[in-house]
Every structure is written in C-alpha cells, then in structure tokens.
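The values are calculated or read from the model by the stated rules, or taken from the named source; none is laboratory data. Everything numeric here is computed off the predicted structure, so don't read it as measured data. So basically every Cβ, Gly included, is an ideal-geometry build from the backbone, and we count neighbours across all protein chains shown. Areas reflect the complete protein model, heavy atoms only, side chains present, ligands, DNA and RNA absent. Shrake-Rupley method; radii C 1.70, N 1.55, O 1.52, S 1.80 Å.
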Amino acid sequence: MNFVKPQPRIPPAAPLPPITINKRRLLRDLNAVSRIGIGDRGSVTRLVFSIKELRSRQFLIHQMRQIGLQIHIDRIGNIFGRLDGANAKPAALLVGSHLDTVVHGGKFDGTLGVIAALEAVRTLKEQKIVLPSPVEVVCFVGEESSRFGYSTLGSSLMTGEVRGKDLVHAADAQGTKLEDILASMGIYRNNLRSMRRDPSTIKAYLELHIEQGPILEAKKKPIGIVTSIAAPTRFRVVFTGQADHSGTTPMEMRRDALVAASELIVAVEKVCRRYAHVEQGRVVGTVGAIKIEPGVINAIPGRAELSVDIRSISAEAKKHVVRLVQAQIDEIARRRNIEAEILPLREEDPVPLDKRLVRLLKECCEAKNIAYEIMPSGAGHDAMQMAKITAAGMLFIPSRRGISHSPLEWSEPEDICLGAQLLLDSIIRVANEAI
Ligand code: GLV
Ligand code: MN
Ligand code: MN
C-alpha cells in the first residue's frame with residue numbers, strides 16, 4: 001500500500017498592494033511648473049537658458065532634494081536625480097523629458113514627462129520600494145529648437161551626437177550664437193565628446209509625452225506606444241537681392257528678396273503636400289520663421305532669411321523632398337536674379353525605438369485593460385537621441401484636438417494621471433527585467 005505523505009497546505013500569497021502614484025500631487029506640480037513663464041491666454045514661454053527656464057530647473061532640483069534623490073548636474077545643465085537600486089550594478093533606468101518650451105507654448109510638452117517621472121520615483125521612495133536597478137529622473141536642457149534652431153541640445157551632448165559643424169549657424173533672433181553660450185559653460189568644439197555619458201551606465205530610457213497630434217483622440221485611445229520618431233532636416237535660406245526705394249524702382253527692375261522668399265514658402269508646401277498622404281513616406285515641411293531687412297514700409301526688402309524644417313518617418317522620402325526644395329531655391333534665385341545661400345542646421349535620420357520596450361509597454365497596458373495605439377511620432381523628442389545609445393521607449397497620452405506648441409495645448413487630467421501611472425508600472429517592469 002502506498003502512503004501519500006500529506007503536503008502542507010500553502011496559503012495563497014496575499015496580493016501585493018498596488019503601487020499607485022499620488023494624482024493630486026502630480027497635478028499640483030504640473031500646475032506649479034506651468035506658472036513659471038505663464039503669459040497671455042495661458043501660454044507658457046521658457047526658452048532655453050532664459051531666466052524662466054532656469055527657474056523651472058530650480059523647481060525640479062528643489063523637489064528632487066525634498067525626496068532625497070542624489071542629484072547630478074552636468075556641464076550643459078542636464079539634471080539627473082537618482083534613486084538607488086538593490087544591485088551594485090550601476091546601469092540606471094533613465095526616465096524624463098524637458099522643461100524648456102517654445103514661444104507661447106503649452107503647459108505639458110516636455111513638462112509632463114519630467115514631472116511624471118518625478119512623481120513615479122517619489123512614489124517608489126515613499127513606499128520604500130527598492131527596485132533591482134537604480135532609476136534616474138532626468139531633465140534634458142534645450143529640447144526645443146525655438147531659440148537656436150538646434151533641437152535636443154542636452155540629450156545630443158550627452159549621447160555624443162553634437163557635431164561642431166552643426167553649431168556653425170545656430171543663433172537666436174538677437175544674433176547670440178549657441179557656440180558662445182556653450183563656450184561660457186566650458187563646452188567647445190574640441191571637447192564636445194567629453195560631455196558624453198558612458199552608455200554602460202544606462203540600462204534603458206523611458207519618456208512619457210503628450211501626443212501633440214490628433215490620432216489618439218480620433219481613435220478614442222488613452223495611450224500611444226511609440227515605435228519610431230520622425231527626425232527633421234533643418235536649414236536656413238538667405239535670399240539676397242537689392243534693397244531699394246519703394247516709390248522709384250520700376251517693378252521690372254526690382255530684386256525683391258521677400259518675394260523670392262514667398263515663392264519658396266509656397267513651394268515647400270506644394271512639394272510636401274505631394275507626399276502628405278503616402279502612409280510610410282509622408283513628409284511635412286514648415287517655414288516657421290522669417291527675418292527681412294530693412295523691414296520698413298518704403299523699401300524693397302534686400303535680404304530675407306527663412307527657416308525650413310522638413311520631417312518624415314521615411315529617410316528616403318525626406319531626402320527626396322529636401323532635394324526638390326533645394327532645386328526650387330536655385331530655380332527661384334536664378335529666375336529672379338537673386339543670390340541664395342543654404343545654411344545647414346541639422347540633418348537627422350528617423351529613429352526606431354526599442355522593440356522589446358514596445359512589447360513590454362504593451363504588456364503593461366494589457367495587464368490593466370488599457371486600450372493603446374501603436375504609432376510613430378511626428379514630433380521630435382529626447383528619446384530619439386537616447387535611442388542611439390540605449391533601449392528607448394515612449395508613451396503618449398492624447399492631446400485635445402491634436403494641438404501643441406500653442407497655448408491651446410491641453411490634455412485631460414484623467415489621461416495625465418493614467419499616463420503617469422503607466423510610466424511607473426513600466427519603470428517597475430523595466431527595472432526588474434533584463435533589457
Ligand atoms: C519638438 O517639439 C519638435 O519640434 O518636434
Ligand atoms: Mn515641443
Ligand atoms: Mn517635447
């Protein structure tokens with residue numbers, strides 16, 4: 001006869017209490033940051049290296065101190081607030097975004113990602129949760145190109161992506177050169193590489209951001225998981241004609257730089273519209289800034305300087321459109337007997353994000369029955385620089401009417417809190433898994 005030894009009965013494990021962010025605190029901090037640089041119609045302006053932008057960074061540092069994070073600030077001003085992990089292995093999960101804004105921008109572009117990362121880490125600390133990997137809340141300097149025409153400055157320096165030649169034409173509307181500001185911080189062409197952080201100290205990068213487009217709202221999905229980021233090609237065009245008297249110069253003798261510029265603006269729209277509906281080769285192009293001289297009512301403009309920004313998820317389609325636009329510049333200049341100069345600012349390829357992180361973010365949504373959309377990003381982000389040195393993943397929440405870079409930018413508090421909670425869930429997953 002076989003005796004079966006009675007097995008001790010193991011009581012089912014008590015379910016772990018959910019680790020949840022403090023929604024009120026998150027919304028309170030977002031509000032506090034949005035008051036720094038607040039202007040007309042609720043717009044927010046914190047141009048990189050302005051007093052307002054520096055104050056927003058101070059706010060973050062103060063919050064990080066209160067939590068007790070180890071703070072490190074690099075030479076350009078990127079801020080890292082570190083919560084130690086259980087492992088001696090130092091590779092940290094970086095989570096964040098940027099606090100600088102465009103001129104008359106909204107409250108959430110960038111700020112959401114930094115403040116949500118802060119709230120996630122504060123929740124971990126408060127609940128005495130020690131993850132296997134360290135987690136660093138990061139605020140990158142100068143993600144927006146609004147001041148110097150140069151985007152993702154802090155993350156590009158940290159990832160070793162800044163090339164001296166890209167800085168040559170980077171200047172603000174007052175003529176202040178980005179290179180001069182960098183020099184005042186001890187950053188020169190010959191030591192750009194010294195700003196690079198050793199990639200082996202980074203396990204992965206996560207960024208929560210507003211979508212800044214209309215897809216999630218249209219599809220009624222609260223979360224987007226980003227697969228790739230459309231990087232821009234940017235250049236300035238200078239048309240030089242002849243400034244002259246507006247009353248005495250016959251129409252056929254004029255060399256009007258502004259009329260040439262106007263033709264180019266229309267040409268950029270026309271060329272890009274041809275590619276606007278091709279799903280994978282969709283290209284968008286914008287002339288966002290123009291400066292003319294002498295800029296008075298009674299003189300023919302002798303000089304016009306325009307900024308051109310062309311983006312696509314397809315590197316090939318973007319290159320093709322850039323070639324077409326540049327051919328138009330030559331044609332307009334020749335026909336109008338005007339000089340044209342193209343000043344390159346930056347040329348980047350679209351960036352795929354990490355497939356394993358896309359899967360992991362999907363699983364985090366599915367675990368909570370959250371509807372999500374798998375999608376590319378038309379806007380640029382620090383994640384596109386981070387993706388060059390580590391596994392990078394991004395989450396989106398809906399933007400009302402898809403509007404951003406505008407005071408009308410808005411996301412619902414409910415979506416903000418859901419996004420931040422999902423960011424915390426994914427931090428816990430990434431920190432626990434071998435990525
Ligand atoms: C960043 O906001 C961009 O210009 O895409
Ligand atoms: Mn932006
Ligand atoms: Mn942004």
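Tally up the residues in the range 327-342 that are under 11 Å from E263 (Cα atoms) and either open to solvent by 100 Å² or more (accessible area, probe 1.4 Å) or β-branched (V, I, T) (or both), please.
Looking only at the range 327-342, we keep the residues that are under 11 Å from E263 (Cα atoms), and these are 328-329, 331-333, 336.
The next check asks that each one be either open to solvent by 100 Å² or more (accessible area, probe 1.4 Å) or β-branched (V, I, T) (or both); those that pass are 329, 332.
Total meeting the criteria: 2.
Could you check how many residues of the range 87-119 are hydrophobic (A, V, I, L, M, F, W, C), within 16 Å of ligand 2 (Cβ to nearest atom) and surrounded by fewer than 24 Cβ atoms within 10 Å (Cβ to Cβ)?
Result for the range 87-119: 2.
List the number of the failed condition for R46; all other conditions in (1) basic (K, R); (2) open to solvent by less than 10 Å² (accessible area, probe 1.4 Å); (3) on the phi > 0 side of the Ramachandran plot hold.
Of everything listed in (1) basic (K, R); (2) open to solvent by less than 10 Å² (accessible area, probe 1.4 Å); (3) on the phi > 0 side of the Ramachandran plot, R46 misses just condition (3).
When you scan the range 415-433, do you find a residue that is more than 22 Å from R122 (Cα to Cα) and open to solvent by 10 Å² or more (accessible area, probe 1.4 Å), even just one?
Taking the range 415-433 and keeping what is more than 22 Å from R122 (Cα to Cα), we get none.
Scanning the range 415-433 turns up no residue that is more than 22 Å from R122 (Cα to Cα) and open to solvent by 10 Å² or more (accessible area, probe 1.4 Å).
Among the listed residues V121, V138, which satisfies the condition of being in contact with a Leu (Cβ under 7 Å, 6 or more places away or on another chain), among the hydrophobic types (A, V, I, L, M, F, W, C), under 22 Å from G160 (Cα atoms) and away from ligand 1 (no atom under 16 Å from the Cβ)?
After ruling out the rest, the residue left standing is V138.
A quick yes/no check of all residues on (1) farther than 16 Å from A383 by Cα; (2) within 13 Å of ligand 3 (Cβ to nearest atom):
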{"residue": "T111", "(1), (2)": "no, yes"}
{"residue": "V114", "(1), (2)": "no, yes"}
{"residue": "A117", "(1), (2)": "no, no"}
{"residue": "A120", "(1), (2)": "yes, no"}
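Tell me yes or no: at least one residue of the range 410-433 is part of a strand (DSSP E or B), farther than 30 Å from R41 by Cβ and away from ligand 2 (no atom under 16 Å from the Cβ).
Taking the range 410-433 and keeping what is part of a strand (DSSP E or B), we get none.
Within the range 410-433 (the criterion being part of a strand (DSSP E or B), farther than 30 Å from R41 by Cβ and away from ligand 2 (no atom under 16 Å from the Cβ)), the answer is no, since none of the residues qualifies.
Which residues, taken from the range 336-394, are part of a helix (DSSP H, G or I), more than 16 Å from ligand 3 (Cβ to nearest atom) and in contact with a helix residue (DSSP H, G or I) (Cβ under 9 Å, 6 or more places away or on another chain)? Spell out the reasoning first.
Keep residues of the range 336-394 that are part of a helix (DSSP H, G or I), which gives 336, 355-367, 383-386.
From what is left, the residues that are more than 16 Å from ligand 3 (Cβ to nearest atom) are 336, 355-367.
Listed by number, the residues that qualify are R336, L357, L360, L361, E363, C364, C365, A367.
Residues in the range 391-405 that are open to solvent by 20 Å² or more (accessible area, probe 1.4 Å) and not aliphatic (A, V, I, L, M): how many? Give the derivation first.
To start, the set of residues in the range 391-405 that are open to solvent by 20 Å² or more (accessible area, probe 1.4 Å) comprises 400-401, 403-405.
Remaining after also requiring not aliphatic (A, V, I, L, M): 400-401, 404-405.
Selection size over the range 391-405: 4.
Within the range 232-241, does at least one residue satisfy the condition of being open to solvent by 50 Å² or more (accessible area, probe 1.4 Å), within 24 Å of P344 (Cα to Cα) and in contact with a strand residue (DSSP E or B) (Cβ under 9 Å, 6 or more places away or on another chain)?
Filtering the range 232-241 for residues open to solvent by 50 Å² or more (accessible area, probe 1.4 Å) gives 240.
If we keep only those that are within 24 Å of P344 (Cα to Cα) as well, we get 240.
Subsequent filtering for residues that are in contact with a strand residue (DSSP E or B) (Cβ under 9 Å, 6 or more places away or on another chain) retains 240.
Yes.
Residues that are in contact (Cβ under 8 Å) with a residue 24 or more places away in the chain, charged (D, E, K, R) and closer than 24 Å to I36 by Cα: does the range 156-171 have at least one?
Within the range 156-171, not a single residue is in contact (Cβ under 8 Å) with a residue 24 or more places away in the chain, charged (D, E, K, R) and closer than 24 Å to I36 by Cα.
May I ask you to say which residue of E161, E179 is among the acidic types (D, E) and under 21 Å from V351 (Cβ atoms)? So that I can check it myself, show each step before the final result.
Values: E179 fails: under 21 Å from V351 (Cβ atoms).
Just a single option satisfies the conditions, and that option is E161.
Could you go through the range 98-109 and let me know if any residue there is more than 17 Å from S399 (Cα to Cα) and in a strand (DSSP E or B).
So far as the range 98-109 goes, yes, one or more of its residues are more than 17 Å from S399 (Cα to Cα) and in a strand (DSSP E or B).
Please state which of the following conditions S404 fails to meet, knowing it meets all the rest: (1) part of a loop (DSSP other than H, G, I, E, B); (2) farther than 23 Å from N31 by Cα.
Just one mismatch for S404, condition (2).
Answer yes or no: is there a residue in the range 58-78 that is at pLDDT 95 or above, among the small types (G, A, S) and part of a loop (DSSP other than H, G, I, E, B).
Looking only at the range 58-78, we keep the residues that are at pLDDT 95 or above, and these are 58-78.
Filter once more, so that each one left must be among the small types (G, A, S): 68, 77.
Okay, now just the ones that are also part of a loop (DSSP other than H, G, I, E, B), so 68, 77.
Yes, some residue in the range 58-78 is at pLDDT 95 or above, among the small types (G, A, S) and part of a loop (DSSP other than H, G, I, E, B).
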